[in-house]
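Trainee: Handing you this structure, nothing more for now.
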Amino acid sequence: MQSYQPFPFKYRPLAAAVLFGLSAQAQAQAQTKGQDQQDPVIETVVIQASRSNVAADKAPQTVVVITRKEIERQLAISGNSSDVLSSILPSYTPSRGKMNGSGETLRGRTPLILVDGVPQSNPVRPTGREAHTIDYSMVERIEIVQGPNAINGLGATGGTINIITRRPEKGTMNQHVDVQVIAPTEDVEGDTLNYKTSYRIDGRLDKLDYLFAVSYEDQGLYLDGKGRSIGVDVTQGDLMDSRSYDVLAKIGYRPDDQQKLQFSINRYRIKSKASYLGVAGDRTRGIPSTSVEGTPPGVPAWNDVWTSSASYNHYDLAGMELSAMLFNQEFVGLFGADRSATFQDVKIAPRGTLYDQSRAVASKFGSKTGLTKAGLLDGRMKLTVGFDTLSDKGKQDMYLTGRTFVPESKYTNLSLFLQGEYKVFDTLTLHAGVRRENADLKVDSYRTLAAYNNTFVEGGKIKFNETLANAGLVLTPAKDVTIYASYSEGFGLPDIGRTLRSINTPGQKISNMRNLEPILTEGIELGTRVRNGDWDLDAAYYRSDSDFGARVISVNGVFNMAREKTRLEGYDASATYRFSKAHRASVAYAYTKGRYDSNSDGSLDAKLDGLNVAPNRLIASWSADWSDKLSTFVQVQHAFNQSFDDPAKEFCGYTLADASLGYKLGKGALRVGIANLFDKDYITYYSQSALVEPARYFAGRGRSVTLGYSLGF
């Protein structure tokens, strides 16, 4: 058994200097501030993912809240959950449009995705399907905390995305029905249409509230900007040519005004209809992959996810606020069959003839508990203390032959944390916290596949003990201006499955594998917010470093993990202007640069490619309410050209425009959405810059029209 200690974070002195500088400026301002000066009254949005009830506009890092109205606007254009995120966040990688989202990063690193605080990521064997565990029609809002952090445990090296499900509306019984169809603007046939319907019933009684929702979607074949069928990804799984459903049930009970008990369960399943085979494209001639009718071998790819939780809140427990939650997630993801060289075994079938497919299974149980006390030290201090537990058991097997691909592994964790907030002066607030991670990883003994020489690997246990810190200052030098600086440390595991399945050297022991060491990430951020009348302005510079980071690489069509020193840095900027109560325009830009040490000499000599980092992007939008009945929305996204060390991965940027219209009828509401308004023909960022594979040289979806109708009663 081996214990790994935290590496020395070299930016702690730099972070301290920046924070001290802001503190000195605030002290000078506090000495001259008039006693009669009043703070502006603004709407407070509390971030649940902060674990300490931090307001979005007072956080020491970049925080984005996507409201239900914004989600509905995006869903009128595309039902893909990754499209919703990437269309609003320029720092989020453009969607692949597939069931698998490997390579979709936030600020160049992997985000931790939560649903009502329940982690969707699986540390033992991440599958890249974490973004497809819930239908976004079930979602109330989405909180995004950008940059590495550990307040919700491991996995948030790129940030935290907390998906919050819908809550019951006022009234004893409310019902809502929604139907929609999506069609291309050419070759409109039965097999190119998408259908979706959903139903929801909810209400609030004296002490009880409830919600039940169900949705069903049948997606057809996608067409590109030239009317060609888009290539299907049989192996990784595809969103097109699939059926999915989601069932969400929530019930809450309030014994009094200060307490609430809530139970929630969500079942999401998506499965390929397996109606098409992929046809490889030709990168040199610019011909994308396409699809032809046919039945793929094996069992169609699918995702099956159960997420359940029970939570208790007491808002005045001896003057403190208590939050406690128990949760469970059951995940099964099946990948499609192929004749990959990795799967071949001459003991089973002649080389090159064996079809097989892998299945990832994960079972997760955990708890989160926090106790917050505000009003300390004459109302200047707030403290939150808590502990989290997690038990995550997972494996990956070969579904058709029963072979072990990734052995059964169990990750257990107990974490203690303390988070504080102290108002140094009226204009300056200090945030600081510490989290202690105590974790074990136990792996059974196993043999790798024949492609890796059937190597025997001795099982064992590795212990991870890490202490992670964060600190930040929020300064308000003027009534409408906020400046913030922060330092944070994130904790994550490498893709354990990718490491274990590729071992081909005899005599290996789990306890001696350095590649299983955690990914420790330090991040610094300096930013500002301006809320002045009709203007909202935000800008931030960030940098994150890992001395022993992780980079995803592709070997013979199979994703593996390289452990190397990595650095991500960049900046985000956004501006919103409200012309009137009914008209609003916004623009957002994100620049990200990623580098890694390719030869272990300590120098960051190579660029991270499109499998690890997003392109630089600009997003502009305009929303308008023309009357009480009519509203419109237009957005334009531009991904800039980008070069990489491998010339074959050079990215040729593109511009996409989308639009939607909503109209309230006497009963219900009608909506029309147009994705890829000008029918742009382009190759996706992933296909250009993540992989050089003819079979995955995918074009983006061409123009499609959504027609939907919703009725509440």
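The values are calculated or read from the model by the stated rules, or taken from the named source; none is laboratory data. Just so it is clear, the structure is predicted and the values come from calculations on it, not from any experiment. FYI the Cβ positions are ideal-geometry reconstructions off the backbone, even for glycines, and counts take in every protein chain you see. Remember, those area values only see protein heavy atoms, side chains included, never the ligands or the DNA or RNA. Shrake-Rupley method; radii C 1.70, N 1.55, O 1.52, S 1.80 Å.
Trainee: Mind counting the residues in the range 338-362 that are open to solvent by 30 Å² or more (accessible area, probe 1.4 Å), in a loop (DSSP other than H, G, I, E, B) and not basic (K, R)?
Mentor: The first filter runs over the range 338-362 and keeps only residues open to solvent by 30 Å² or more (accessible area, probe 1.4 Å), leaving 338-339, 341, 346-348, 350-353, 355, 359, 361.
The next check asks that each one be in a loop (DSSP other than H, G, I, E, B); those that pass are 339, 346-348, 350-353, 355.
The next check asks that each one be not basic (K, R); those that pass are 346, 348, 350, 352-353, 355.
Residues that pass the stated criteria total 6.
Residues are listed down the side, and each one gets a yes or a no for (1) charged (D, E, K, R); (2) part of a loop (DSSP other than H, G, I, E, B):
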| position | (1), (2) |
| --- | --- |
| K69 | yes, no |
| I77 | no, yes |
| S87 | no, no |
| P126 | no, yes |
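Trainee: Something else: Working only within the range 96-124, note down all residues that are among the charged types (D, E, K, R) and in a loop (DSSP other than H, G, I, E, B). Before you say what the answer is, go through the steps one by one.
Mentor: Of the residues in the range 96-124, the ones among the charged types (D, E, K, R) are 96, 98, 104, 107, 109, 116.
Scanning the range 96-124 gives R96, E104, R107, D116.
Trainee: Search the range 520-548 for residues being hydrophobic (A, V, I, L, M, F, W, C) and open to solvent by 20 Å² or more (accessible area, probe 1.4 Å), and hand back the single one that is nearest to L608 (Cα to Cα). Talk me through it step by step, then tell me what you get.
Mentor: If we filter the range 520-548 for residues that are hydrophobic (A, V, I, L, M, F, W, C), which is where we start, we get 520, 524, 526, 530, 535, 537, 539-540, 548.
The next check asks that each one be open to solvent by 20 Å² or more (accessible area, probe 1.4 Å); those that pass are 524, 526, 530, 535, 537, 539, 548.
On the way: I524: 20, L526: 23, V530: 33, W535: 36, L537: 30, A539: 24, F548: 15 Å.
So the residue we want is F548.
Trainee: Moving on. List the pairs whose first member sits in the range 631-652 and is farther than 14 Å from V613 by Cβ, whose second member is in a loop (DSSP other than H, G, I, E, B) and open to solvent by less than 30 Å² (accessible area, probe 1.4 Å), and whose Cβ atoms are under 6 Å apart, counting only residues at least 6 apart or on separate chains?
Mentor: N641/G653
Trainee: If you check D218 against the conditions, is it without any contact (Cβ under 8 Å) to a residue 60 or more places away in the chain, outside any loop (DSSP other than H, G, I, E, B), touching a Lys or Arg at 6+ places or on another chain (Cβ under 8 Å) and open to solvent by 20 Å² or more (accessible area, probe 1.4 Å)? Walk me through it before giving the result.
Mentor: Numbers: without any contact (Cβ under 8 Å) to a residue 60 or more places away in the chain: yes; outside any loop (DSSP other than H, G, I, E, B): yes; touching a Lys or Arg at 6+ places or on another chain (Cβ under 8 Å): yes; open to solvent by 20 Å² or more (accessible area, probe 1.4 Å): yes.
Here the answer is yes, as D218 does meet what is asked.
Trainee: Taking the range 661-713 as the region of interest, how many residues are in a loop (DSSP other than H, G, I, E, B), among the charged types (D, E, K, R) and within 17 Å of D646 (Cβ to Cβ)?
Mentor: Of the range 661-713, the ones in a loop (DSSP other than H, G, I, E, B) are 665-668, 676-682, 684, 690-693, 697-698, 700-703, 713.
Filter again for among the charged types (D, E, K, R), leaving 667, 679-681, 693, 701, 703.
Keeping just the survivors that are within 17 Å of D646 (Cβ to Cβ) gives 693.
Count: 1.
Trainee: Within the range 278-337, which strands (runs of 3 or more DSSP E) (wholly inside it) include 3 or more residues that are touching a Lys or Arg at 6+ places or on another chain (Cβ under 7 Å), on the phi < 0 side of the Ramachandran plot and in contact (Cβ under 8 Å) with a residue 24 or more places away in the chain?
Mentor: Hits in the range 278-337: 302-317, 320-334.
Trainee: Looking at D224, D178, which is the one that is among the charged types (D, E, K, R), open to solvent by less than 20 Å² (accessible area, probe 1.4 Å) and at pLDDT 95 or above? Steps first, please.
Mentor: Working: D178 fails: open to solvent by less than 20 Å² (accessible area, probe 1.4 Å).
Answer to the selection: D224.
Trainee: Mind listing whichever residues of the range 191-215 are touching a Gly at 6+ places or on another chain (Cβ under 8 Å), of a type in the set (K, R) and crowded, with 20+ Cβ neighbours inside 10 Å?
Mentor: Passing the criteria: only K196.
Trainee: Now for a different question. When you go through (1) assigned to a helix (DSSP H, G or I); (2) at pLDDT below 85 one by one for L500, which number turns out not to apply?
Mentor: Among (1) assigned to a helix (DSSP H, G or I); (2) at pLDDT below 85, L500 violates only (2).
Trainee: Report, ordered by the first and then the second residue, all pairs with beta carbons closer than 7 Å, sequence separation of six or more or different chains, a first member in the range 151-175 that is over 20 Å from N413 (Cβ atoms), and a second member that is among the acidic types (D, E) and part of a loop (DSSP other than H, G, I, E, B).
Mentor: I164/D116; T165/D116
Trainee: Name the one entry in D495, D480 that is open to solvent by less than 50 Å² (accessible area, probe 1.4 Å), at pLDDT below 90 and acidic (D, E). First the steps, then the outcome.
Mentor: Values: D480 fails: at pLDDT below 90.
Just a single option satisfies the conditions, and that option is D495.
Trainee: Hey, any hits in the range 89-102 for a residue that's in contact (Cβ under 8 Å) with a residue 12 or more places away in the chain and at positive phi?
Mentor: From the range 89-102, those in contact (Cβ under 8 Å) with a residue 12 or more places away in the chain are 89-102; that's our starting set.
Applying the additional criterion that residues be at positive phi yields 97.
Looking through the range 89-102, at least one residue is in contact (Cβ under 8 Å) with a residue 12 or more places away in the chain and at positive phi.
Trainee: Any residue that is of a type outside the set (D, E), closer than 30 Å to G712 by Cα, in a loop (DSSP other than H, G, I, E, B) and open to solvent by less than 50 Å² (accessible area, probe 1.4 Å) - is there at least one of those in the range 230-250?
Mentor: Narrowing the range 230-250 to residues of a type outside the set (D, E): 230-232, 234-237, 239-240, 242-245, 247-250.
Now drop any that are not closer than 30 Å to G712 by Cα, which leaves 239-240, 242-245, 247-250.
Now narrow it down to the ones that are in a loop (DSSP other than H, G, I, E, B): 239-240.
In the following step, the residues that additionally are open to solvent by less than 50 Å² (accessible area, probe 1.4 Å) were identified as 239-240.
Yes, the range 230-250 contains a residue that is of a type outside the set (D, E), closer than 30 Å to G712 by Cα, in a loop (DSSP other than H, G, I, E, B) and open to solvent by less than 50 Å² (accessible area, probe 1.4 Å).
Trainee: Scan the range 632-657 for residues that are in a loop (DSSP other than H, G, I, E, B), surrounded by fewer than 16 Cβ atoms within 10 Å (Cβ to Cβ) and either touching a Ser or Thr at 6+ places or on another chain (Cβ under 8 Å) or hydrophobic (A, V, I, L, M, F, W, C) (or both) and jot them down.
Mentor: Across the range 632-657, the qualifying residues are F640, E650, C652.
Trainee: Residues of the range 438-493 being of a type in the set (V, I, T) and outside any strand (DSSP E or B), which ones?
Mentor: Start the filter on the range 438-493 by keeping residues that are of a type in the set (V, I, T), which leaves 443, 448, 455, 457, 462, 467, 474, 476, 481-483.
Listed by number, the residues that qualify are T448, T455.
Trainee: A further question follows. If the Cβ limit is 7 Å and pairs must be 6+ apart or interchain, which residue in the range 51-63 that is hydrophobic (A, V, I, L, M, F, W, C) pairs with which residue that is open to solvent by 20 Å² or more (accessible area, probe 1.4 Å) and modelled with pLDDT under 90?
Mentor: So the pair list comes out as A55/T44; A55/V45; A55/V46; A56/V45; A59/S50.
Trainee: Which one is farthest from T165 (Cα to Cα) among residues in the range 273-327 that are open to solvent by 60 Å² or more (accessible area, probe 1.4 Å) and either touching a helix residue (DSSP H, G or I) at 6+ places or on another chain (Cβ under 6 Å) or aromatic (F, W, Y) (or both)?
Mentor: Per the stated criteria, the residue is A280.
Trainee: Looking at S660 and the list (1) open to solvent by 60 Å² or more (accessible area, probe 1.4 Å); (2) within 23 Å of A620 (Cβ to Cβ), which single condition is not satisfied?
Mentor: S660 satisfies all of (1) open to solvent by 60 Å² or more (accessible area, probe 1.4 Å); (2) within 23 Å of A620 (Cβ to Cβ) except (1).
Trainee: Okay, next question. Run S511 past the list (1) more than 29 Å from the chain's Cα centre (by Cα); (2) modelled with pLDDT of 90 or more; (3) more than 21 Å from T342 (Cα to Cα); (4) open to solvent by less than 40 Å² (accessible area, probe 1.4 Å) and report the number of the one that doesn't hold.
Mentor: If we test S511 against (1) more than 29 Å from the chain's Cα centre (by Cα); (2) modelled with pLDDT of 90 or more; (3) more than 21 Å from T342 (Cα to Cα); (4) open to solvent by less than 40 Å² (accessible area, probe 1.4 Å), just (2) comes out false.
Trainee: Checking the condition in a strand (DSSP E or B) and more than 13 Å from the chain's Cα centre (by Cα), which residue from V65, V145 passes?
Mentor: On the way: V145 fails: more than 13 Å from the chain's Cα centre (by Cα).
Unique residue meeting the criteria: V65.
Trainee: Inside the range 389-416, can you point out the residues that are closer than 22 Å to N152 by Cα, open to solvent by 10 Å² or more (accessible area, probe 1.4 Å) and under 24 Å from the mean Cα position of the chain (by Cα)?
Mentor: Within the range 389-416, T389, L390, S391, K393, K410, T412, N413, L414 meet the criteria.
Trainee: Given the criterion free of Cβ contacts under 8 Å to residues at least 24 places away in the same chain, over 15 Å from K250 (Cα atoms) and β-branched (V, I, T), identify the matching residue among V188, V179, V234.
Mentor: Values: V179 fails: free of Cβ contacts under 8 Å to residues at least 24 places away in the same chain; V234 fails: free of Cβ contacts under 8 Å to residues at least 24 places away in the same chain.
Only one candidate qualifies: V188.
Trainee: Going through E143, E130, E169 one at a time, which residue ends up being among the charged types (D, E, K, R) and open to solvent by less than 10 Å² (accessible area, probe 1.4 Å)?
Mentor: Working: E130 fails: open to solvent by less than 10 Å² (accessible area, probe 1.4 Å); E169 fails: open to solvent by less than 10 Å² (accessible area, probe 1.4 Å).
Checking each option against the conditions leaves just E143.
Trainee: Scan the range 188-205 and tell me whether some residue there is at pLDDT 95 or above, farther than 30 Å from V279 by Cβ, within 23 Å of the chain's Cα centre (by Cα) and not hydroxyl-bearing (S, T, Y).
Mentor: Scanning the range 188-205, I find no residue that is at pLDDT 95 or above, farther than 30 Å from V279 by Cβ, within 23 Å of the chain's Cα centre (by Cα) and not hydroxyl-bearing (S, T, Y), so the answer is no.
Trainee: Find the residue count for the range 363-388, including only residues that are among the hydroxyl-bearing types (S, T, Y), open to solvent by 20 Å² or more (accessible area, probe 1.4 Å) and under 30 Å from T429 (Cα atoms). Show your work before the answer.
Mentor: At the first step, the residues of the range 363-388 found to be among the hydroxyl-bearing types (S, T, Y) are 363, 367, 369, 372, 384.
Now drop any that are not open to solvent by 20 Å² or more (accessible area, probe 1.4 Å), which leaves 363, 369.
Those left that are additionally under 30 Å from T429 (Cα atoms): 369.
Residues in the range 363-388 being among the hydroxyl-bearing types (S, T, Y), open to solvent by 20 Å² or more (accessible area, probe 1.4 Å) and under 30 Å from T429 (Cα atoms): 1 in total.
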